[in-house]
Amino acid sequence: MVVLVFVLGLVLPLIQRAHTSAGVGFQFASYIDDYMVLQKEPAGAVIWGYGISGATVTVTLCQDQEIIMKKVTHVKAYSNSWMVVLDPMKPGGPYEVMAQQTFGKMNLTLRVHDVLFGDVWLCSGQSNMQMTVLQIFNATRELSNTTAYQSVRILSVSLIQAEQELEDLAEVDLRWSKPTSENLGHGKFEYMSAVCWLFGRYLYDTLRYPIGLISSSWGGTPIEAWSSGRSLKACGVHRQGFIPSDSVTGPSEYSVLWNAMIHPLSNMTLKGVIWYQGESNVNFNRDLYNCTFPALIEDWRQTFHHGSQGQTERLFPFGFVQLSSVLAGAVSNDQLPQIRWHQTADFGYVPNLRMPNTFMAVAMDLGDRNSPFGSVHPRDKQTVAYRLHLGARAVAYGEKQLIFQGPLPEKIELLADKGLLNIRYSQQIQVQRQDDKIFEISCCDDHQCKWLPVPMNTFSTQSLALNISSCQGTLVAFRYAWTTWPCEYKQCPLYHPSSTLPAPPFTAFITNQMPGHHSKVAQ
C-alpha cells in the first residue's frame, strides 16, 4: 500500500485513501475507502481516523453536492484518533464522505466516493472460508456472474499477525471494491472468500439493498489464534509453546490473528459475522472447543459493541458452518463428530442457551472425495452459503415460518418389549434412504459399553423407529451420523422434505429404562 504523509500547510483537494500508522498524518482508518458499504439504519455507521492532537474534524455526508449531515469532533490527545457516529441512514447511495481537519490556519480534506449504506458482514475462519471462487464448483460461471451484484462490495484483510491488539489494520489485500472476475478469482486461498461472496450474493437476492463483505481468514489456524486473551482465560486455556498438530499449518500463537485481523475492525458498525473454522482444533484443545467457541462469540460481540460506541448490536447475529466430511486417515473416526458437536456447545443445534442469536449450516453431506485441494476442502461452497443465508434470514432478519435447519429429535420413546427405539422429530422428515449404520446405540453389559449400528425399522412423516434387538444389555444412549464421513454427497438418510436441509449429527442419553418410557431430548 502507498503511504501518505501530510505536511503542515499542504492542502490536497482529492486524496486517495491509504493506510498509515497512527500519528503520521490526517487520514481515515485503513478500511474507510472508495466503494465501501456502511451499516444502515437502525444503527449509525462509525467513521474514524487519525489526525493532529487537538485539531477539529468535521465529517460531512454528501449526495449529488447536497449536504446530508455534518458531524464535528476533535482529535484525542492520547491516541491521535478521531471518531464520529453518523445518523442512521436508509439503505442506498451512492454518497461521498468528506472529513476536514482544522488546526490553526491549516485545513486538510479527505474524501471517499461511491459509498453505499446497507448491511455489513464480517467473514472469518480458516481455509474453507479462505477458498476463493476460482476453487469451487462451476467457477467459470460464478466468476462471470457479477454484473447484477455491483452493490455487493468486498474487502479482504491481509494475512498479518501481532503480539498486541492493533488499533487499525496494518495492511489490506483487497481494498473496498465492486466484484469482478479478477478480484473474486484472484488465485487460490487469496483475496476474497467464496463462502463470504456467495453468502452476500444470496442475501442481496433476498434483501435487494447493498451488502458489504469483509473477508478476514487464514488457513490452518486454530481458534486460539482468533481469540482474545480474555476469552481464552475464561476457558482455562493458558499460553503454551508450539501447537503439535498436522492440521495447524498457519499461525498458532494465541491471539495473534485476533490482535491483527479482527480487533482493528472493532470500531466498525456490523450487521453480523459468519465463521468457518474448526478443522485445526480436531487434534488440539478439541475438548475445550465447547467453551472456546461460545467464548469467542461472546467476546467478539462485546468488543464490537463497545468499539462501535454501541452501534453494533450487543448480541449481533453470528453464523457458522458445521464441519464437512474428511476422508478416513486424516483423523480418527470420533474426533470430527466431537468437534461438530462442540461447535453447538454440546446442544446439537443452535440457537441455544449458551449460543443465543446464532445460526448454523450443516455441511456433513457435502463431502468431496475428489477435491484437488484435499477432501478437507470440499468445492461445493454454493450450498454452504445458501444454508448459511437461510439461517441469516431467520435469525438476523426475523423471517418467520422459514425452515433454516434440518429436523431435530424432539422425543425419544424406548419400546423395549418390542425391541424398538422410537424417535420423534421437531419437523417433518424425509427418509431419503434407509441406512443400517448411521444410527448407533450404546449398549452396556457387565459394566462395559459398546456402540452398535442399528437399522431403521419403520418411519412416518415425523418419526422413525430403530430396531434395537441387537442390544442384549442396557441401552443407555443413541447417536446419529457420528462418524467422519456419515454419507455421500447430499445422500444422508434424513432431510427436511421441502428445504433439502439435512438432519444434523446428534447424540442423547436414554434416561429411563422402563418399557414405553418417553424420554424428552435435553434442551
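The values are calculated or read from the model by the stated rules, or taken from the named source; none is laboratory data. These numbers were taken from a predicted model, which means no experiment stands behind them. Every residue, glycine among them, receives a Cβ derived from its backbone with ideal geometry; neighbour counts consider all protein chains shown. The area values use the complete protein model at the heavy-atom level, side chains included, leaving out ligands, DNA and RNA. Shrake-Rupley method; radii C 1.70, N 1.55, O 1.52, S 1.80 Å.
Does at least one position in region 453-461 carry a residue that is of a type in the set (Ser, Thr, Tyr), without any contact (Cβ under 8 Å) to a residue 12 or more places away in the chain and not in a loop (DSSP other than H, G, I, E, B)?
yes
So is residue 259 surrounded by fewer than 24 Cβ atoms within 10 Å (Cβ to Cβ) and either without any contact (Cβ under 8 Å) to a residue 40 or more places away in the chain or over 17 Å from residue 159 (Cβ atoms) (or both) or not?
no
So, in region 351-386, how many residues would count as being closer than 29 Å to residue 301 by Cα, touching a Pro at 6+ places or on another chain (Cβ under 9 Å) and either of a type in the set (D, E, K, R) or not in a strand (DSSP E or B) (or both)?
Residues flagged as closer than 29 Å to residue 301 by Cα, touching a Pro at 6+ places or on another chain (Cβ under 9 Å) and either of a type in the set (D, E, K, R) or not in a strand (DSSP E or B) (or both) within region 351-386 amount to 7.
Looking only at residues in region 146-159 that are in contact (Cβ under 8 Å) with a residue 12 or more places away in the chain and more than 19 Å from the chain's Cα centre (by Cα), which one is most open to solvent (accessible area, probe 1.4 Å)?
Of everything passing the filter in region 146-159, 150 is most open to solvent (accessible area, probe 1.4 Å).
Would you please list the contacts, defined by Cβ atoms under 6 Å and residues six or more apart or on different chains, that run from a residue in region 497-508 that is farther than 15 Å from residue 461 by Cα to a residue that is open to solvent by 20 Å² or more (accessible area, probe 1.4 Å) and in a strand (DSSP E or B)?
Pairs that qualify, where the first residue is farther than 15 Å from residue 461 by Cα and the partner is open to solvent by 20 Å² or more (accessible area, probe 1.4 Å) and in a strand (DSSP E or B), are 507/479.
Being polar (S, T, N, Q) and farther than 24 Å from residue 130 by Cα, is that true of even one residue in region 284-293?
no
Restricting region 478-487 to residues that are crowded, with 21+ Cβ neighbours inside 10 Å and outside any loop (DSSP other than H, G, I, E, B), which is farthest from the chain's Cα centre (by Cα)?
478
Rundown of residues vs (1) among the acidic types (Asp, Glu); (2) over 34 Å from the mean Cα position of the chain (by Cα); (3) modelled with pLDDT under 50; (4) under 19 Å from residue 263 (Cβ atoms), yes/no style:
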position	(1), (2), (3), (4)
9	no, yes, yes, no
12	no, yes, yes, no
16	no, no, yes, no
29	no, no, no, yes
34	yes, no, no, no
41	yes, no, no, no
48	no, no, no, yes
51	no, no, no, no
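Quick one: which strands (runs of 3 or more DSSP E) sit completely within region 23-117 and have at least 3 residues that are among the β-branched types (Val, Ile, Thr) and either within 18 Å of residue 265 (Cα to Cα) or touching a residue at least 40 places away in the same chain (Cβ under 8 Å) (or both)?
Fully inside region 23-117 and qualifying: 56-63.
For region 271-303, which residues satisfy the criterion of being open to solvent by 10 Å² or more (accessible area, probe 1.4 Å), in contact (Cβ under 8 Å) with a residue 60 or more places away in the chain and touching a Phe, Trp or Tyr at 6+ places or on another chain (Cβ under 8 Å)?
271
Conditions tested, residue by residue: (1) crowded, with 16+ Cβ neighbours inside 10 Å; (2) modelled with pLDDT under 95; (3) at positive phi.
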site: 425; (1), (2), (3): yes, no, no
site: 436; (1), (2), (3): no, yes, no
site: 448; (1), (2), (3): no, yes, no
site: 457; (1), (2), (3): yes, yes, no
site: 489; (1), (2), (3): no, no, no
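Sort through 182, 167 and tell me the only one that's in contact with a helix residue (DSSP H, G or I) (Cβ under 8 Å, 6 or more places away or on another chain), farther than 28 Å from residue 68 by Cα and not aliphatic (A, V, I, L, M).
Being in contact with a helix residue (DSSP H, G or I) (Cβ under 8 Å, 6 or more places away or on another chain), farther than 28 Å from residue 68 by Cα and not aliphatic (A, V, I, L, M) holds for just one of 182, 167, which is 167.
Condition check: aliphatic (A, V, I, L, M), at pLDDT 95 or above and assigned by the TED database to the domain that holds residue 236. Does residue 330 satisfy that?
no
Residue-wise test of (1) more than 18 Å from the chain's Cα centre (by Cα); (2) under 19 Å from residue 340 (Cβ atoms).
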residue: 378; (1), (2): no, yes
residue: 402; (1), (2): yes, no
residue: 409; (1), (2): yes, yes
residue: 413; (1), (2): yes, no
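To keep it simple, each residue is scored yes or no on (1) part of a loop (DSSP other than H, G, I, E, B); (2) modelled with pLDDT under 85; (3) within 20 Å of residue 173 (Cα to Cα); (4) aromatic (Phe, Trp, Tyr).
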| site | (1), (2), (3), (4) |
| --- | --- |
| 215 | no, no, yes, no |
| 221 | yes, no, yes, no |
| 237 | yes, no, no, no |
| 247 | yes, yes, no, no |
| 251 | yes, no, yes, no |
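Please determine whether any residue of region 310-318 is within 21 Å of residue 486 (Cα to Cα) and at pLDDT 95 or above.
No, that holds for no residue.
Within region 459-477, which residues are open to solvent by 40 Å² or more (accessible area, probe 1.4 Å) and small (Gly, Ala, Ser)?
460, 469, 470
Give the residue, chosen from 326, 395, that is open to solvent by 10 Å² or more (accessible area, probe 1.4 Å) and in contact with a strand residue (DSSP E or B) (Cβ under 9 Å, 6 or more places away or on another chain).
Just one listed residue meets the conditions, 395.
Spot the failing condition for residue 392; the list is (1) within 28 Å of residue 129 (Cα to Cα); (2) part of a loop (DSSP other than H, G, I, E, B), and only one is missed.
Tallying (1) within 28 Å of residue 129 (Cα to Cα); (2) part of a loop (DSSP other than H, G, I, E, B), residue 392 fails exactly one: (2).
Out of all the residues in region 170-184, is one or more in a strand (DSSP E or B), in contact (Cβ under 8 Å) with a residue 12 or more places away in the chain, surrounded by 17 or more Cβ atoms within 10 Å (Cβ to Cβ) and among the aromatic types (Phe, Trp, Tyr)?
yes
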